[in-house]
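The values are calculated or read from the model by the stated rules, or taken from the named source; none is laboratory data. Not measured: the values here are computed from a predicted model. Please note: Cβ atoms are built from the backbone with ideal geometry, for glycine as well, and neighbour counts cover all protein chains shown.
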């Protein structure tokens, strides 16, 4: 017993010193002028190396809090003016829109905004897209020829696709696509499409990556995913038997969603924040997105991966991306159509 | 602390005055008062639920009275605006289930209350000797028999030499033979230690045989405090009479120091005269049976206890009475006898529902 | 022959249930900050709910909400019952029998606690789902055959049961070890078979522990997000989360959370009813040495049972992680160093366990020794926050921390505090169940011998609570190890733990990078729990 007590006490002492040092390091960090605090809803595995490069080049001490985009957005809203964050780097435009709507995003200077096409940034200049990802249809090249594929994603309700479709209805990008479908085609058309696909007995996967794997191993012939997952697979295995098909025709199937950044109105380091945003839109960073995350570069004239159709050729639906926020309606629709329980 | 009766103050070990304890709307103690002198051995006797254990807990400080006061060794420990916590009362308690600390050795248990006393080890050794457990100090409680555990509990309470020792049904967990042996031993140990003791019991034999004085409780009050002899011979109420030993009740008519009933004219004690319709209480040994072929009473049955016997007889008037016999008397069921009263009876006002003798 | 004094019948119960005096200040004082801590999330919810627009209230009254409530309750009910049924034999086998390798099993069967439910759910889908590894294996060897679909209710039920039953095991095992074996012997001597004795005596004695463990399971299920979202089963938590993601509407989320609090209170009432009939406080008879039950031939089915449960609950996630690891080593992408995350995880969770025990002790003491006082209230209040989804508790602390305690905000102290608010009931519940088995007469005896309340707690109560303390500490430790929402939002910046590493890798599909931290998470937990349980339960083995 005595030995355990000694152990406990030494652990408690260790903890208290830990607590203390954590407090002090926090304070010094705040006072150092060369810092930047980023709340990143984008994954560390994707953007971590890029942020390190920025740190090395600028000398700014960047501290990143990674988390879920929606949760970080809610946290910033709760923190209010006391938020330690200078920049919010979000996975999708909806979260940026919420921040802008709450008046917590600062206007970005024109020279930053002008780097990006208007369809990929806030109309009010409160956030800007950094990289894009397209909704695509992945198909197994051994089982499907490109001619068989319908012109629009709406065509997959045809009974000839029964049992051949894979999807991940819990995935956020998929739900954003359904929201776009509702906005562009109307509620009834969206419902009809969901019910049509459902009637084709699609195979349900937990996420995009497993959909892709399902397409590759022949469990299904086609799958609805984001475009970049394939390139990661191709990097591992050049003979990966899957190709991408970009539905055409300006309907919701051609949705390109963006990851983007906003500068917080409460930022104590506005200059560093802008420097960071400029870096993300620089040729170096945009090239990184093309080569490492296989996303669409949105600025600096960096062209997309040559295996992808150029961004300019994709007729994206005419909507403000941060308007894709009625996820609740989408979820209700998914439930009513029997897609979600 | 200025009070009447200062003269007796100095040798009063415990003084409870008008203690009241309620739980929600249940009154558990109602104006309980008791005084115990230094070195005295007092029993609290009553059926379970009468408030005996609550009283002990109030004295020990595990509970607070709603009103009334408690003084221990002349010090106010509970009363309006005063509450001394148990650890500062110098009261030792022996619990019904002993409550030995299972993770400590016998010596650890016995020495627990001594803390950093300089002569701790010696005291522990002495106390264990006193209770007859010398040499068992390193045992764990679960390695001991019930009787030994009881002694550890006693040693633990005695070791800090408290002003007062409280025992809560201390012998109820032991088998009959052990109980009788142990209680005389415990009595002797406590006497040797010079401790003032209150012990709680529902066993009248235990109370009568051990205590200097017995306080009988009922419904949260003390209804009689007396020496065992007085309690037995002059119970204050018929309930006490029934509770403390066997009792015969015979309807009769009292007139001062005498009462007439089915057994004839019976003397009443001078200190307890009575008038009007009464039940006359006679202990079985206050009656003597004499063989008489023409006797009015018939023997029904005989219970043989070895040291004495108890015989049931039915009188001509249809009363069933108990008579104590010596070990050698021999009566057979059906035999006719005469009953003679050998001792003054105690008379209680007649109960309205009519007096059927109860045994 | 002996007559007895007539007594009022209504007084009978008092002799057994002695109600003690007012709780001492030395217990009330440390309990107060706990009361404050556990009410913070509720205060936050009320603030948010009061700012809700009228339309928000309308959201609550939609028929879907009723459906969500029904789904949540069905899941809670079935998982709780199944977890108890699974846990009882496991606890008994590992605590009281001569099961071969008992010490090892006793660690293994509680380890599933450390597996984050989203990882567990993913592993199940990946391994046993209709297109999982097993299916492919089957297809390769037998041609075809279809495994049932794991999504929806069956999957959520299976996964949550397998990852929550250890709550009951830990509680019940502590109770089994502290129980007086004389009770079972008595039942045997009265003609019961061992099984009957278990059912009649042991089981009723274990009810406080079962209730405490079952409550943790029920409330965990109510608060779980990972498994239900992965397996597509919409419960309250998912509905609340959707509010954040969907419209960033914190008021509707708060209103939904308040409904969840009400559901929790209802569950607490049910549990209190179960508990009321069993405020059994065991008699302070010195415990005798426990003799393990000899299993004989039965040890084979017993072993098979333990192995099956461990294989499913621990083996599946580990096998899947191992598979990831192999793949990632092949590809050469195993992620960065894990030294800091290991240290961070252990430091934060260890502190949380220690602090939780420290604060839970006065609360549990008040709740058991002075059941009519405020202690019971504080204990209950801590449970009301326990069923809230982690993100709600985390956001409430973000709100209070950033605006009212900026110096503490996003420090380790804050993180530990968040774990405390989230997981305190795991400690209070376990300690309470343990305390119910320790007679208050022992503490009174000690006080009567001149020791103050703090001294009595140190010298008598704590040593006797040993198994309970270690079990409660282990619970808080394991759950903190996998905690995500509060860790992500409230830890010092760039304070990554094993759990955040696993999360970060799995959300973007870098399973190879998840394997290392996932395996380490289990290994570090196994080591710590092995140490804790070894010490807590070593004693008389």
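Given the structure, is residue C:371 under 15 Å from the mean Cα position of the chain (by Cα), touching a residue at least 40 places away in the same chain (Cβ under 8 Å) and more than 10 Å from chain A (Cβ to nearest Cβ)? Taking the combined requirement at face value, the residue does not satisfy it. If you go through the stretch B:51-86 and keep only what is more than 9 Å from chain C (Cβ to nearest Cβ) and part of a loop (DSSP other than H, G, I, E, B), you end up with B:65, B:66, B:73, B:74, B:80, B:81, B:84. Within the stretch A:100-119, being modelled with pLDDT of 90 or more and either more than 14 Å from chain C (Cβ to nearest Cβ) or in contact with a helix residue (DSSP H, G or I) (Cβ under 6 Å, 6 or more places away or on another chain) (or both) holds for A:105, A:106, A:107, A:108, A:109, A:110, A:111, A:112, A:113, A:114, A:115, A:116.
Residue A:149 falls short on exactly one of the conditions (1) crowded, with 22+ Cβ neighbours inside 10 Å; (2) over 30 Å from residue C:228 (Cβ atoms), and that condition is (1). Are any of the residues in the stretch B:178-188 modelled with pLDDT of 90 or more and either over 14 Å from the mean Cα position of the chain (by Cα) or not assigned by TED's automatic domain parsing to the domain that holds residue B:41 (or both)? So far as the stretch B:178-188 goes, no, none of its residues is modelled with pLDDT of 90 or more and either over 14 Å from the mean Cα position of the chain (by Cα) or not assigned by TED's automatic domain parsing to the domain that holds residue B:41 (or both).
Every residue, every condition in (1) within 20 Å of residue C:488 (Cβ to Cβ); (2) modelled with pLDDT under 50, yes or no:
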residue	(1), (2)
A:28	no, yes
A:31	no, yes
A:60	no, no
A:74	yes, no
A:86	yes, no
A:91	yes, no
A:97	no, no
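In the stretch B:194-257, which helices (runs of 4 or more DSSP H) lie fully inside it and hold 1 or more residues that are closer than 25 Å to residue B:318 by Cα, touching a helix residue (DSSP H, G or I) at 6+ places or on another chain (Cβ under 7 Å) and assigned by TED's automatic domain parsing to the domain that holds residue B:35? Write out each step before concluding.
On the way: elements: B:204-210, B:228-233, B:238-243.
So the answer is none; nothing clears 1.
Evaluate the stretch C:125-132: report whether one residue or more is within 14 Å of another protein chain (Cβ to nearest Cβ), at pLDDT 80 or above, surrounded by fewer than 21 Cβ atoms within 10 Å (Cβ to Cβ) and out of contact with any strand residue (DSSP E or B) (no Cβ under 8 Å at 6 or more places or on another chain). Scanning the stretch C:125-132, I find no residue that is within 14 Å of another protein chain (Cβ to nearest Cβ), at pLDDT 80 or above, surrounded by fewer than 21 Cβ atoms within 10 Å (Cβ to Cβ) and out of contact with any strand residue (DSSP E or B) (no Cβ under 8 Å at 6 or more places or on another chain), so the answer is no. Of the residues making up the stretch B:248-267, those that are surrounded by 20 or more Cβ atoms within 10 Å (Cβ to Cβ) and closer than 24 Å to residue B:337 by Cα are B:248, B:249, B:250, B:252, B:259, B:261, B:263, B:266.
Which one of these is exposed (fewer than 15 other Cβ atoms within 10 Å of the Cβ) and at pLDDT 80 or above: C:6, C:100? Outline the logic, then answer.
Numbers: C:6 fails: at pLDDT 80 or above.
Selected residue: C:100, the only one of C:6, C:100 that is exposed (fewer than 15 other Cβ atoms within 10 Å of the Cβ) and at pLDDT 80 or above.
Restricting C:468, C:516, C:448, C:509 to residues that are touching a helix residue (DSSP H, G or I) at 6+ places or on another chain (Cβ under 9 Å) and at positive phi narrows the list to C:509.
Looking at B:180, B:131, B:124, B:186, which one is more than 12 Å from chain C (Cβ to nearest Cβ) and out of contact with any helix residue (DSSP H, G or I) (no Cβ under 8 Å at 6 or more places or on another chain)? Break it down into steps so the answer makes sense when it comes.
Numbers: B:131 fails: out of contact with any helix residue (DSSP H, G or I) (no Cβ under 8 Å at 6 or more places or on another chain); B:124 fails: out of contact with any helix residue (DSSP H, G or I) (no Cβ under 8 Å at 6 or more places or on another chain); B:186 fails: out of contact with any helix residue (DSSP H, G or I) (no Cβ under 8 Å at 6 or more places or on another chain).
None of the other options fit; the residue is B:180.
Per the conditions (1) away from chain C (no Cβ under 12 Å); (2) under 30 Å from residue B:129 (Cα atoms), the sole criterion not satisfied by residue B:200 is (1). Residue-level analysis places residue C:467 among those that are under 23 Å from residue C:208 (Cβ atoms), at pLDDT below 85 and more than 10 Å from every other protein chain (Cβ to nearest Cβ). For the subset of the stretch A:48-62 comprising residues that are surrounded by 17 or more Cβ atoms within 10 Å (Cβ to Cβ) and touching a helix residue (DSSP H, G or I) at 6+ places or on another chain (Cβ under 8 Å), which member is nearest to the other protein chains (Cβ to nearest Cβ)? It comes out as A:62.
Is at least one residue of the stretch C:25-32 surrounded by fewer than 18 Cβ atoms within 10 Å (Cβ to Cβ) and either within 11 Å of another protein chain (Cβ to nearest Cβ) or at pLDDT 85 or above (or both)? Don't jump to the end; show me each part of the working.
To start, the set of residues in the stretch C:25-32 that are surrounded by fewer than 18 Cβ atoms within 10 Å (Cβ to Cβ) comprises C:25-26, C:29-30, C:32.
Right, trim to either within 11 Å of another protein chain (Cβ to nearest Cβ) or at pLDDT 85 or above (or both) and you get C:25-26.
Yes, because at least one residue in the stretch C:25-32 is surrounded by fewer than 18 Cβ atoms within 10 Å (Cβ to Cβ) and either within 11 Å of another protein chain (Cβ to nearest Cβ) or at pLDDT 85 or above (or both).
Exactly one residue out of B:154, B:167, B:133 is in contact with a strand residue (DSSP E or B) (Cβ under 9 Å, 6 or more places away or on another chain), within 27 Å of residue B:210 (Cβ to Cβ) and not in a helix (DSSP H, G or I), and it is B:167.
In this structure, is residue A:84 at the interface with chain C (Cβ under 8 Å from one of its Cβ atoms) and not in a helix (DSSP H, G or I)? Judged against the criteria, residue A:84 is a match. If we scan the stretch B:67-81, do we find a residue that is surrounded by fewer than 19 Cβ atoms within 10 Å (Cβ to Cβ) and touching a helix residue (DSSP H, G or I) at 6+ places or on another chain (Cβ under 7 Å)? Yes: the stretch B:67-81 contains one or more residues that are surrounded by fewer than 19 Cβ atoms within 10 Å (Cβ to Cβ) and touching a helix residue (DSSP H, G or I) at 6+ places or on another chain (Cβ under 7 Å).
Of the helices (runs of 4 or more DSSP H) lying entirely inside the stretch A:210-302, those containing at least 3 residues that are in contact with a strand residue (DSSP E or B) (Cβ under 7 Å, 6 or more places away or on another chain), closer than 19 Å to residue A:95 by Cβ and modelled with pLDDT of 85 or more are A:270-280. Return yes or no: is residue C:416 within 23 Å of residue C:254 (Cα to Cα) and surrounded by 20 or more Cβ atoms within 10 Å (Cβ to Cβ)? So residue C:416 does not fit the description; no. Only one of the listed residues (C:382, C:349, C:345) is over 17 Å from the mean Cα position of the chain (by Cα), touching a residue at least 40 places away in the same chain (Cβ under 8 Å) and either within 22 Å of residue C:471 (Cα to Cα) or assigned by TED's automatic domain parsing to the domain that holds residue C:269 (or both). That residue is C:345.
Just checking, how many residues over the stretch A:178-192 are away from every other protein chain (no Cβ under 11 Å) and buried (at least 23 other Cβ atoms within 10 Å of the Cβ)? Write out each step before concluding.
Taking the stretch A:178-192 as the starting set, the residues that turn out to be away from every other protein chain (no Cβ under 11 Å) are A:178, A:180-192.
So of that shortlist, the ones also buried (at least 23 other Cβ atoms within 10 Å of the Cβ) come out as A:178, A:180-181, A:190.
Of the residues in the stretch A:178-192, 4 are away from every other protein chain (no Cβ under 11 Å) and buried (at least 23 other Cβ atoms within 10 Å of the Cβ).
The listed residues are A:198, A:175, and the only one of them that is in a helix (DSSP H, G or I), at negative phi and within 12 Å of chain C (Cβ to nearest Cβ) turns out to be A:175.
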